[in-house]
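In what follows, a single structure is set out as structure tokens and then discussed.
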Amino acid sequence: MIPSAFDYRRASSVEEALSLLQSTEDAKFVAGGHSLLPLMKMRFASPGMLIDIRSIQELQSIRRDGNRVVIGALCTHRHIANDETIVQALPALAEAAGRVGDLQVRNRGTIGGNLAHADPASDLPALALLYGATIHAEGPDGPEDYPVEEFFLGPMTTALRPTQLLRSVSFPVPDRGSEVYEKFAHPASGYAVVGVAAWVATDAGGIIQDIRVALNGVGYCAYRATSVEQALFGREATEELLEKASHLATEEVEVLEDVFASENYRRHVAAVFTRRAIRRALDKATR
Amino acid sequence: MSDAVISASGRTPVRMEVNGVAETVYVEPRWLLSDVLRHQLGLTGTHVGCEQGVCGVCTVLLDGVLVRSCLLFAVQVDGHRVTTIEGVTPDEGLSPIQASFQRHHGLQCGFCTPAMVLTAEALLRTHPNPSEADIRDAFSGNICRCTGYQFIVDAIRGCSEEER
């Protein structure tokens, strides 16, 4: 499978990348290419020019900035999974990044590409929602920040404008509680059939003081399962309550169906993995 | 390669070190690394299966890191180092990993084997004594339709133990 012809150019800075984008009709950025190349081969995308941003140094770092961790768009999943700052401050993100696709994908795929591509079955959007991340873009009119709640609009669709470059993502570091990521992966592609990110904070008596649950693979884009959160907020998570609450995981979305998983099956797996994720987060919190 | 635009129809020189040898190939931007390795350089040990990043048979090492050559344009690897199965195979006989695959019946049709061997090379460099879980995780991006994987796991374990 050979994609249609395109011009190719390397950019060595954000400014150069943006000016190339503005001056070329129908150009696309490429970094890891693990979302874009399959689309180009199937001719779902046929950009006239590829601007290779992979060597832009300033987009390759992970740094702690006060109570946030700022991750450059070009950081690979492998880098994120193994970075000491992230393992300590954002353990569920490290866990999820370490389970994206497979080794080859993690070696090459980047967080910027992953979020900008917004595949419903990709892992990191749920983590961005869980932590309440902010997506930092840069365009001809300067920088623009997107709160994650306003970023994912639908399958393969985000609020990012065609003239903008996704520069970095910043994650607030939770000051309490514990978080985990549970995933039922497609055995061949490694994409999430169901992925559940959960964060819980409890008081000394085991009462849930705060909770967030985000899912991917289930609906047209990653989402917060607010019904589950509300059912558990302010209460003690007994097995019975947790079981009941987990079944609300698909309450607010239209559940996807494909050759691998029917709607009912996916709904069932979503409930099971929501329960497991919350349980593991609770066990971690009380340790 | 300069930072000038490489036009879609023209061919541009790409310089890369392949299996320790400096190579220059003239490519169109849309040519995949997998195809360039096979057709321009005659390195047909790199196989091409699904061509969409799932099966893993096109796996090579890029600067020592495991990647899929079907998801890379050759222009993107200008200035980099590529290792294919030919690069880890001795002139005579088999490498220890290859010998272990043979001993443990870790292959049947052999189509996935070059990628499996390279994945084993990469794994054993960082995990000289991997657990079964390490092995299965490392090989999750390589699909084999013959062996059921168990003999491949045996081959890696056998090799790592014997190599100690």
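A short reminder: the numbers here are calculations on the coordinates, not readings from a lab. This one's a predicted model, so the numbers in the text were calculated from it and none came from an experiment. Positions of Cβ are backbone-derived with ideal geometry, glycine not excepted, and every protein chain shown enters the neighbour counts.
A few remarks follow.
- Our summary gives chain A a relative contact order of 15 percent, counting only alpha carbon pairs under 8 angstrom and 6 or more residues apart.
- Shown for B:Val21, B:Val48: other C-beta atoms within 10 Å of each C-beta, ranked fewest to most, produce the order B:Val21, B:Val48.
- Helical runs (DSSP H, four residues minimum) scored at -39500 (n - 2.57) apiece and divided by the length of chain B put the mean residue ellipticity at 222 nm at -8000 deg cm²/dmol.
- Sparse-neighbour loop sites [trypsin sites (Lys or Arg not before Pro); the range A:154-208; at most 15 other C-beta within 10 Å; DSSP]: A:Arg176
- Max mean-square fluctuation residue, GNM over chain B, Cα-Cα springs under 10 Å, options B:Thr59, B:Thr44, B:Thr119: B:Thr44
- The distance linking the range B:84-153 with the range A:158-174 is 39 Å (Cα centroid to Cα centroid, whole angstrom).
- Excluding same-chain neighbours fewer than eight residues apart, the aspartates and glutamates reachable from A:Lys183 by a Cα-Cα span under 16 Å are A:Glu95, A:Asp102, A:Asp119, A:Asp123, B:Asp137.
- Available extension along the chain between A:Arg235 and A:Ser13 is 74.9 nm, counting 0.36 nm per residue and deducting the alpha carbon span.
- The order of A:Met156, A:Met49, going from fewest to most other C-beta atoms within 10 Å of their C-beta, is A:Met156, A:Met49.
- Size of electric dipole in chain A: Cβ of Lys, Arg +1 and of Asp, Glu -1, about Cα centre, debye, nearest 20: 760 debye
- Here each label is just a point 7 Å from Cα along the line to Cβ, and for B:Gln40 and A:Glu25 those points are 3.0 nm apart.
- Residue-span extension gain [A:Gln88 to A:Arg176] - 0.36 nm each, minus C-alpha spacing: 30.4 nm
- Across peptide A:52-61, the average count of Cβ atoms from other chains found within 10 Å of a residue's Cβ is 1.
- Label-point separation in nm, B:Thr24 to B:Ala4, each point 7 Å along Cα→Cβ: 1.5 nm
- Taking the centroid of alpha carbons for each part, the range B:1-63 and the range A:58-103 are 29 Å apart.
- Burial ordering of A:Leu166, A:Leu36, fewest other beta-carbon atoms within 10 Å first: A:Leu36, A:Leu166
- Partner aspartates and glutamates whose Cα lies under 16 Å from the Cα of A:Lys41, excluding those fewer than 8 positions away in the same chain, are identified as A:Asp7, B:Glu28, B:Asp35, B:Glu51.
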